[in-house]
Amino acid sequence: MNTTVKKIEKEQLRDCAFRKPVYHFTDYELRERNRRLYLAMLMGNNFQSKVKIVFNTLEGYREVFSTVWATTEQFILLKGGTHIPLEAIAYVDIES
């Protein structure tokens, strides 16, 4: 990813206006992102592990380091009750 990413705290997610990433993902990339989100959820529920999530907002790309508690067809739920729409997520790093 060659875009500048600003780190934010999960409490700041409530102030974000999400949008789809500029890049159009291939089917493989979407499956890989969803696989990583599922693994992040398993790690969050079993080991309280945090992951890095890069997502797009109206102000540009943002990065948050948090625990994923649940994934649905439309959102991921993070520790603290905040959520991010799946369509806004550009990348998930489960190895951080």
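The values are calculated or read from the model by the stated rules, or taken from the named source; none is laboratory data. Computed from a predicted model, the values in this text were never measured in an experiment. We place every Cβ from the backbone using ideal geometry, glycine too, and count neighbours over all the protein chains shown.
The set of residues from the range 1-30 being without any contact (Cβ under 8 Å) to a residue 12 or more places away in the chain and either outside any helix (DSSP H, G or I) or aliphatic (A, V, I, L, M) (or both) comprises ASN2, HIS24, PHE25, THR26, LEU30.
For PHE55, are the conditions met, namely being touching a helix residue (DSSP H, G or I) at 6+ places or on another chain (Cβ under 9 Å), farther than 19 Å from LEU77 by Cα and either without any contact (Cβ under 8 Å) to a residue 60 or more places away in the chain or basic (Lys, Arg) (or both)?
Working: touching a helix residue (DSSP H, G or I) at 6+ places or on another chain (Cβ under 9 Å): yes; farther than 19 Å from LEU77 by Cα: no; either without any contact (Cβ under 8 Å) to a residue 60 or more places away in the chain or basic (Lys, Arg) (or both): yes.
No, not satisfied.
If the condition is being within 12 Å of the chain's Cα centre (by Cα) and of a type in the set (A, V, I, L, M, F, W, C), then the range 19-44 contributes LEU37, ALA40, MET41. Condition first: in contact (Cβ under 8 Å) with a residue 60 or more places away in the chain, among the charged types (D, E, K, R) and farther than 11 Å from TYR91 by Cα. Can you find one or more residues in the range 61-81 that meet it? Yes, some residue in the range 61-81 is in contact (Cβ under 8 Å) with a residue 60 or more places away in the chain, among the charged types (D, E, K, R) and farther than 11 Å from TYR91 by Cα. Provide a single number: the residues in the range 1-18 that are among the β-branched types (Val, Ile, Thr), surrounded by 10 or more Cβ atoms within 10 Å (Cβ to Cβ) and either more than 14 Å from the chain's Cα centre (by Cα) or at pLDDT 95 or above (or both). Qualifying residue count, the range 1-18: 2.
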